[in-house]
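Accompanying notes for the structure given below.
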Amino acid sequence: MALHESLVPSTTPGEARFESPRDVFCEIVEQKKPAIRIFETDSALVIMDLHGGYPLVLSKEHSNRSIPQILELAGKMVDPVRNAYHADGVRVILNDGAAAGQEIPHPHVHVMPRNRVEHGVGRTIVTKTEGEKRRIAKRLRALCEDLVPKNYKK
């Protein structure tokens, strides 16, 4: 079955829009699949994207109810991401639904560091090796420590 065939309209605002309540991001949130974890809050887990090596802000819920919280957190990460990658800019993207380009049916936000190009929109900085991703994650963890609630307990 193609990804877009698994999508179904939501009947209740904020409810999951997908037939399957499980996906790879649910497994990462539940620590059943590995990921380079940067930090987490009550509503979100921030990990390194497996392919691009930039931060992804995942909802801890498999529903769209926490989109406002993950968007707010992604917005607060713009300066730390710019600093950690020595980037010229940062692109923040939320794709909601297959028609918007969402590939994994779980609310998440891409926080993509970008560098200038001579003409046009900048190019995403891609972190390829596991070691690079871990170094950047450690830097981001330090730069984002004020984003984790002081009373947060894992």
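The values are calculated or read from the model by the stated rules, or taken from the named source; none is laboratory data. The shown structure was predicted, so the numbers you read here are calculated from the model rather than taken from an experiment. Virtual Cβ from ideal backbone geometry, glycine too; neighbours counted across all protein chains shown.
So that you can scan it fast, the table gives a plain yes or no per residue for (1) in contact with a Phe, Trp or Tyr (Cβ under 9 Å, 6 or more places away or on another chain); (2) within 17 Å of I47 (Cβ to Cβ):
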residue: A100; (1), (2): no, no
residue: H108; (1), (2): yes, yes
residue: M112; (1), (2): yes, yes
residue: R134; (1), (2): no, yes
residue: K138; (1), (2): no, yes
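With respect to the conditions (1) at positive phi; (2) exposed (fewer than 15 other Cβ atoms within 10 Å of the Cβ), G53 lacks only one, and its number is (2). Just one of the listed residues (H106, H110, H119) is modelled with pLDDT under 95 and under 17 Å from A35 (Cβ atoms), and it is H106. Return the only residue of R22, R17 being buried (at least 16 other Cβ atoms within 10 Å of the Cβ), modelled with pLDDT under 90 and either within 11 Å of P107 (Cα to Cα) or over 16 Å from the mean Cα position of the chain (by Cα) (or both). Selected residue: R17, the only one of R22, R17 that is buried (at least 16 other Cβ atoms within 10 Å of the Cβ), modelled with pLDDT under 90 and either within 11 Å of P107 (Cα to Cα) or over 16 Å from the mean Cα position of the chain (by Cα) (or both).
Taking every residue in region 96-117 that is surrounded by 13 or more Cβ atoms within 10 Å (Cβ to Cβ) and pairing it with any residue that is part of a loop (DSSP other than H, G, I, E, B) and among the basic types (K, R), at least 6 positions away or on another chain, the pairs with Cβ-Cβ distances below 7 Å are G97/R17. Identification of helices (runs of 4 or more DSSP H) wholly contained in region 19-126 with 3 or more residues that are out of contact with any strand residue (DSSP E or B) (no Cβ under 6 Å at 6 or more places or on another chain) and under 19 Å from D146 (Cβ atoms) yields 67-76, 78-85.
A Cβ distance below 8 Å, combined with a sequence gap of six or more or placement on separate chains, defines the contacts here; from region 118-138, residues that are of a type in the set (S, T, Y) reach residues that are in a loop (DSSP other than H, G, I, E, B) in the pairs T124/G52; T124/Y54; T127/G52; T127/G53; T127/Y54.
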